[in-house]
Amino acid sequence: MKKYEWNTEKNALLLRERKISFERIVLAIEQGYVLDVVPHPNPDKYPHQKMFILEIEGYAYIVPFVEDDKKVFLKTAYKSRLATRTYLGT
């Protein structure tokens with residue numbers, strides 16, 4: 001199993017501004033709340049990024065990440081109304 005990593009300053013910012021943490025995101029991944037994994041919509045700018053789409057507390061979150069053989073590096077996280085409608089139908 002790959003290790004999850006992130007920037008601790010970004011984690012503090014997410015907690016403060018968006019009320020979500022990378023620890024909560026990893027918990028959702030490990031508990032099976034992954035709705036989809038998709039390529040980044042801007043591959044020219046982010047060629048190696050993919051995005052988790054996760055269900056957390058009834059809402060879809062987008063979590064961009066980069067992955068190598070040993071780890072998954074989480075970049076950020078944000079709620080998505082469009083993904084919530086698309087994947088959860090609400």
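Numerical summary
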| quantity | calculated |
| --- | --- |
| Check: the chain dipole with +1 on Lys, Arg Cβ and -1 on Asp, Glu Cβ, in debye | 240 debye |
| Candidate aspartates and glutamates for bridging to residue 2, where Cα separation is under 17 Å - those fewer than 8 sequence places away on the same chain excluded | 23, 30, 67, 68, 69 |
| Using distinct alpha-carbon pairs, which all enter the 1/r mean, Kirkwood radius of segment 42-83 in Å | 11.1 Å |
| Dimensions (Å) - the chain, Cα atoms, principal axes, largest first | 35, 29, 25 |
| Cβ-derived FRET efficiency at R0 22 Å, residue 45 paired with residue 10, nearest 0.05 | 0.75 |
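A short reminder: the numbers here are calculations on the coordinates, not readings from a lab. Nothing here was measured: the structure is a model prediction, and the numbers come from that model. Virtual Cβ from ideal backbone geometry, glycine too; neighbours counted across all protein chains shown.
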